[in-house]
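A.B. asks: Handing you this structure, nothing more for now.
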Amino acid sequence: MSSHHIVREKQEPALLVLGLNNFNDDELGQLLEWSPTVIADAYTAEQLIAYGIKVDYVVGNDELRLQANTRLIAMVNDNVVETALNFLIINGYPAVNIVTDDFYAVQYFKFASQINIVIFYNRKKTYAITSGFTKWKPAGEEISVLTESELQLTGLTKVSVGTYFTTNDGFFSLRFNEDFIFISENLY
């Protein structure tokens, strides 16, 4: 039995690709499965095109030579992340998956309240959460908290600064006073 789904534009997260050095083909294939809007910087766009992946937008300058049906997002302040996220927010995208070789949480703080961001970096999945966040995980899974914050934890044991392990199979939860914090978990 097969199922057929109608995917509306912007229903699935957009995909911002800024580097592929720490990301395998299977993981990329999973993110591309529902045909998201694909945005990349100029260098990564060339790599994606070489893999046969259609790039919808390239963040760069006017001198770029683009493939047919690829549009340019003019870079602001030489900041690809800021330019791409502003573009997505202005155009009504509710979420974005970001694949990158370099991750600096501070780049994403001002956007976390405006768009749902999931960052894939160094074999980890990183995302912003609000206080009261709860998730089921098996015992012994590592959870990293990337933001200095006073935390109230349930179901987690501190191993070192910012690193926790789930204590049992089941739900863990985090409470804190900030609007949001970033956490990460291992992809595999």
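The values are calculated or read from the model by the stated rules, or taken from the named source; none is laboratory data. It should be emphasised that the depicted structure is a prediction, and the values quoted were computed from it without experimental measurement. Every residue, glycine as well, gets a Cβ built from its backbone with ideal geometry; the counts of neighbours run over all protein chains shown.
A.B. asks: Output the residue which, of all residues in the stretch 65-96 that are among the aliphatic types (A, V, I, L, M) and exposed (fewer than 14 other Cβ atoms within 10 Å of the Cβ), is modelled with the lowest pLDDT. Give the steps one after another, and end with the answer.
C.D. replies: Keep residues of the stretch 65-96 that are among the aliphatic types (A, V, I, L, M), which gives 66, 68, 72-76, 80-81, 84-85, 88-90, 95-96.
Restricting the remaining residues to those that are exposed (fewer than 14 other Cβ atoms within 10 Å of the Cβ) gives 68, 74, 76, 90.
Values: 68: 80, 74: 92, 76: 87, 90: 97.
The qualifying residue modelled with the lowest pLDDT is 68.
A.B. asks: Any residue in the stretch 123-137 that is at positive phi sitting within a Cβ distance under 8 Å of a residue that is at pLDDT 95 or above? List the pairs, counting only those 6 or more apart or interchain.
C.D. replies: Pairs found: 132/173; 132/174; 132/175.
A.B. asks: Write out, first by first residue and then by second, each pair whose Cβ atoms fall under 8 Å of each other, whose residues are 6+ apart or on separate chains, and whose first residue, in the stretch 53-78, is part of a strand (DSSP E or B) while the second is charged (D, E, K, R) and at pLDDT 85 or above.
C.D. replies: 57/71; 58/41; 58/71; 59/41; 60/41; 71/56
A.B. asks: Exactly one condition in (1) at pLDDT 95 or above; (2) within 26 Å of residue 26 (Cβ to Cβ) is false for residue 146; which is it?
C.D. replies: (1)
A.B. asks: When you check residue 122 against the structure, is it under 17 Å from residue 39 (Cα atoms) and under 18 Å from the mean Cα position of the chain (by Cα), yes or no? Before the answer, list the steps.
C.D. replies: Values: under 17 Å from residue 39 (Cα atoms): no; under 18 Å from the mean Cα position of the chain (by Cα): yes.
So residue 122 fails the test.
A.B. asks: Which members of the stretch 126-147 meet the condition of being surrounded by fewer than 16 Cβ atoms within 10 Å (Cβ to Cβ), among the polar types (S, T, N, Q) and over 21 Å from residue 98 (Cα atoms)?
C.D. replies: 134
A.B. asks: Continuing with the same structure: Determine if the stretch 22-29 includes at least one residue that is crowded, with 17+ Cβ neighbours inside 10 Å, modelled with pLDDT of 95 or more, in a loop (DSSP other than H, G, I, E, B) and not polar (S, T, N, Q).
C.D. replies: No: the stretch 22-29 contains no residue that is crowded, with 17+ Cβ neighbours inside 10 Å, modelled with pLDDT of 95 or more, in a loop (DSSP other than H, G, I, E, B) and not polar (S, T, N, Q).
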